[in-house]
Structures are given as structure tokens and as C-alpha cells.
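Everything below concerns the one structure shown next.
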Amino acid sequence: MAKASKRRPGGGELALIAALARELQRGPRSKLVEHGIGDDAAVLRVGKQRLVVTVDTQVEHVHFDRRWLTSQDIGYRSLQAAASDLAAMGAVPLAAVASLHAPRGFPTLELARLARGQAQAARRLGCPVVGGNVARALELSVTTTLLGRVTTPLLRAGARSGDELWIVGELGLARAGLLLHQQRLKVPARLQRIAKRARASWARPEAQIEAGQRLVGRAHALIDVSDGLAGDVQHLARESGVKAVVEAAQLARLLAPGLADLADLLGEPGVALALTGGEDYALLGAGPRARRPAGAKVVGRIERGSGSELELETGQRFKLGPGFDHFRG
């Protein structure tokens with residue numbers, strides 16, 4: 001679903017963020033800020049509480065296509081996607097505000113349905129939407145800001161040599177769901193169940209809020225998989241100053257039953273779906289074997305060094321490519 005910008009900032013999204021951060025650092029400093037730009041969310045120390053703040057935007061033709069999603073789906077996924085950043089910090093959501101931009105003539109009934117989807121996600125998360133803004137735009141978009149609280153935040157930095165790499169949640173299903181819409185293939189009866197699950201995973205993702213809280217005190221580092229495992233494991237390795245090794249055999253084992261067969265139908269290996277597919281909103285953590293929680297699946301390990309690699313069963317290694325980038329083709 002990525003749409004390449006006609007004017008690409010040199011170096012892509014990370015370079016753009018770094019440039020913006022340099023300019024923003026010219027502004028005032030605050031002792032309330034414990035962690036600012038560079039993680040899944042910012043952490044503010046207010047009295048004895050740590051508050052976590054994040055923002056996420058869903059844009060038509062970039063994140064979603066109204067041919068394949070209902071307005072309720074769009075509202076639902078916009079809130080869940082933002083909440084996934086809180087999950088990656090081990091935080092509990094408190095409240096949200098949303099900014100809705102809609103094109104001229106967009107039906108009021110459809111806007112109401114979008115809000116209904118937001119309300120459904122809010123109930124799932126226990127996180128009320130308490131306000132926001134509405135404006136006219138050329139395309140439909142929803143920007144969601146979430147406030148949460150946390151005792152000890154989990155960060156992307158902190159992974160150590162000898163740690164395992166864990167996945168909590170599913171990988172590759174959302175990518176498969178998107179491809180099913182794009183390719184419009186006839187799905188055989190034996191794959192109908194996994195195809196339905198894949199479409200649902202893309203249309204209505206679920207933030208791993210409770211899983212993130214269970215990882216506090218167990219994981220040394222954590223990130224959510226929103227731009228694809230290949231890209232997000234690079235973020236974790238870079239911020240931690242280590243090398244991350246994803247094991248292809250382990251990755252293949254954690255695929256949902258039937259996903260490898262569906263991947264063959266879609267013309268993309270199951271492991272590739274798991275590596276490159278964004279919007280799974282699983283959690284990727286690094287931690288010691290002795291602290292691995294129930295439900296976490298091992299997908300690799302942390303070593304000394306830098307970068308991230310895919311290791312085959314033969315022992316061969318390949319450098320992992322970048323994940324989804326809004327400003328690269």
C-alpha cells in the first residue's frame with residue numbers, strides 16, 4: 001500500500017526524522033521529558049507517574065484503501081495502530097484524541113460509521129476517545145494521539161549480547177490479507193479459513209497491550225512490528241548497539257497454520273511475508289531465555305556487533321533490508 005513520494009528526502013524516513021529532531025532540539029528543554037524522539041512513544045515524568053504519549057496517522061491510499069475496508073474498519077484500525085506504540089512501551093492506555101480529515105462531500109453517515117469503529121476499538125482497549133478535531137482535506141485521514149501510563153517503560157535500547165529475540169503475536173498475516181485484496185485471486189476451499197483470518201488481520205489489527213505489560217521486567221528491549229520485521233529488528237539493534245540475528249528456520253515455524261500454503265498461492269514465500277509485511281503489530285523483544293514469558297516465540301538472538309542479519313539453516317547469513325519507508329520507493 002506504500003505510495004512513494006514524488007519528492008523524496010535524501011536518506012528516507014529515518015534521515016528526515018533526524019533532520020526534524022535537530023530542528024526541534026532548538027526549542028525549549030523540559031525536566032519532565034525522560035525519553036523523547038527516537039522510540040515508539042515519548043515518556044514524561046509528572047510527579048510520581050510516568051506518562052506515555054504517542055501519535056499515529058492513517059492516510060487513504062497510503063495505509064488503507066476504501067475499496068477493501070469499511071468506514072468502521074478504518075476507525076478501528078486507526079486507534080489500534082496508535083495503541084500498538086503504547087504496547088511497545090509496556091504502557092496502559094488512558095485516553096485518546098483524534099483528528100479526522102475528510103474530503104468535501106464525504107457522507108456524514110460514513111463519518112459516523114468511522115467513529116463507531118473507533119468506539120469499538122476504544123472498548124477493546126479500555127481507552128476512551130475524549131476529543132479531537134475535524135477538518136476538510138483532499139483525502140481521508142485519521143490522526144490519533146494516545147496518552148498512557150507506565151511504571152518502568154520498555155525501550156528499543158537495552159538488548160544485550162546473549163539475549164533471545166522474541167515475537168509475541170503473529171507475523172505475515174496482515175501482508176497476506178493486503179495481497180489477497182490486491183491480487184483478487186480465487187482462493188481454494190482448503191485455504192479459505194486462513195485467507196479469512198489474513199484479511200481480518202489487515203483490516204482489524206489488535207494492539208498487544210496486555211502482552212506488552214507482561215514483558216515489563218522480562219524483556220531488555222521492545223518494539224512493535226509495524227513496518228515489517230526486517231526493518232523493525234534493525235531499529236532495535238541500532239538503538240541497542242548490538243547485532244540482531246533472525247533465524248529463518250525459527251521464523252518459518254512461527255507462521256500461522258496454512259499461511260505458508262497461502263503464501264505460495266500469493267507468489268511470496270511465507271518467510272518473506274513475515275519479514276517484509278507491515279501492520280502486524282506484533283511485539284519484538286529481546287531478553288534472556290530464563291525470563292521468556294509464556295506465549296513468546298523465539299525468532300533469533302542478539303550478538304555483539306551491529307546491524308541485522310537473516311541466518312539460514314546452512315549457517316549462511318544475509319544482511320536484512322529495510323522495512324517500509326514512507327519516503328523511499
> Consider Val225 against the criteria (1) of a type outside the set (Gly, Ala, Ser); (2) touching a Phe, Trp or Tyr at 6+ places or on another chain (Cβ under 7 Å); (3) open to solvent by 10 Å² or more (accessible area, probe 1.4 Å): it satisfies all of them except one. Which criterion is unmet?
Replying inline: (3)
> Which condition number in (1) among the charged types (D, E, K, R); (2) under 30 Å from Thr70 (Cβ atoms); (3) modelled with pLDDT of 95 or more is the one that Asp227 fails?
Replying inline: (3)
> In segment 12-56, what residues are open to solvent by less than 50 Å² (accessible area, probe 1.4 Å), closer than 20 Å to Met89 by Cβ and either in contact with a Ser or Thr (Cβ under 6 Å, 6 or more places away or on another chain) or among the acidic types (Asp, Glu) (or both)?
Replying inline: Asp39, Asp40, Ala41, Asp56
> Looking only at segment 43-82, which residues are closer than 20 Å to Leu155 by Cα and either among the charged types (D, E, K, R) or modelled with pLDDT under 95 (or both)?
Replying inline: Arg45, Val46, Lys48, Gln49, Arg50, Asp56
>> I'd like the full set of residues that are open to solvent by 40 Å² or more (accessible area, probe 1.4 Å) and in contact with a strand residue (DSSP E or B) (Cβ under 6 Å, 6 or more places away or on another chain), limited to segment 248-260.
In response: Gln250
>> If I filter segment 156-163 for residues that are farther than 24 Å from Val43 by Cα, of a type outside the set (Gly, Ala, Ser), in contact (Cβ under 8 Å) with a residue 24 or more places away in the chain and in a helix (DSSP H, G or I), do I get at least one hit?
In response: no
>> For segment 150-198, give me each residue that is crowded, with 18+ Cβ neighbours inside 10 Å, basic (Lys, Arg) and over 20 Å from Glu239 (Cβ atoms).
In response: Arg175, Arg197
>> Of the conditions (1) in contact with an Asp or Glu (Cβ under 7 Å, 6 or more places away or on another chain); (2) closer than 21 Å to Ala207 by Cβ; (3) open to solvent by less than 20 Å² (accessible area, probe 1.4 Å), Gly277 satisfies every one except a single condition; which number is it?
In response: (1)
> Picking from Ala249, Ala237, Ala244, which residue would you name as being in contact with a helix residue (DSSP H, G or I) (Cβ under 8 Å, 6 or more places away or on another chain) and either over 19 Å from Gly315 (Cα atoms) or not β-branched (Val, Ile, Thr) (or both)?
Replying inline: Ala244
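The values are calculated or read from the model by the stated rules, or taken from the named source; none is laboratory data. Keep in mind that this is a model prediction, so the values were computed, not measured. Here the Cβ is made from the backbone with ideal geometry for all residues, glycine too, and neighbour counts use every protein chain on show. With ligands, DNA and RNA removed, areas are computed over all heavy atoms of the protein, side chains included. Shrake-Rupley method; radii C 1.70, N 1.55, O 1.52, S 1.80 Å.
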